[in-house]
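For reference, the structure is listed below as structure tokens.
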Amino acid sequence: MLKSKLNVLTLKKEPLPAVIFHEPEAIELCTTMPLMKTRTYSGCKVTYLGKVSTTGMQFLSGCTEKPVIELWKKHTLAQEDVFPANALLEIRPFQVWLHHLDHKGEATVHMDTFQVARIAYCTADHTVSPNIFAWVYREINDDLSYQMDCHAVECESKLEAKKLAHAMMEAFKKTFHSMKSDGRIHRNSSSKEVFQELESDDG
């Protein structure tokens, strides 16, 4: 009798279906196809223009203008006046992923990772092109020295560039609050003070 009661109480655990994210608006449940073999990326297709070292410690409005012009000139000399997306930029709460695409437009295994906490400034406001989104990143070298690099991407439109700027701001807010709760940032510091190093224009 006791054994039969225990059998009734035993629950059979069914495997949970894998969730595959194609787009924010389209979530598909799949129980037969392995997740690792169908890895997809959600992000914004961009043309990565490259990076250039920049100087200074105070990053204010307009600080990326000169580096972006330099990168833009190199790009326009090498490419035709089209939008050849060669990367997928994905902004996450604590990291930014730059997936490099092959000639078919598919993500390769090569990916650059940027820690949001080391991004000093970002903006989508550039006179050379309104479609450019840029950020200043503190790159740490092997000898523990660091340099400030300005990275830039060209988006399909001005709206896409602005969306990336706002997404970066949201990622920075989450990173800031996490670091503050962990004690890595002084508790008296305000997000407003730190946000002065980032720019996310609406105009």
>> If I go through region 122-161 residue by residue, how many of them are open to solvent by 10 Å² or more (accessible area, probe 1.4 Å), in a strand (DSSP E or B), among the charged types (D, E, K, R) and touching a residue at least 60 places away in the same chain (Cβ under 8 Å)?
In response: 1
>> Please verify whether MET169 is modelled with pLDDT of 90 or more and part of a helix (DSSP H, G or I), treating the condition exactly as stated.
In response: yes
>> If I go through region 86-121 residue by residue, how many of them are at pLDDT 90 or above, of a type in the set (Val, Ile, Thr) and in a strand (DSSP E or B)?
In response: 4
> In region 88-117, which residues are of a type in the set (Val, Ile, Thr) and surrounded by 13 or more Cβ atoms within 10 Å (Cβ to Cβ)?
Replying inline: ILE91, VAL96, VAL116
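The values are calculated or read from the model by the stated rules, or taken from the named source; none is laboratory data. Predicted, not measured: the structure shown is a model, and the values here were computed from it. For neighbour counting, all protein chains shown are included, and Cβ atoms are generated from backbone atoms with ideal geometry for every residue, glycine included. The accessibility values were calculated without ligands, DNA or RNA, using every heavy atom of the protein model including side chains. Shrake-Rupley method; radii C 1.70, N 1.55, O 1.52, S 1.80 Å.
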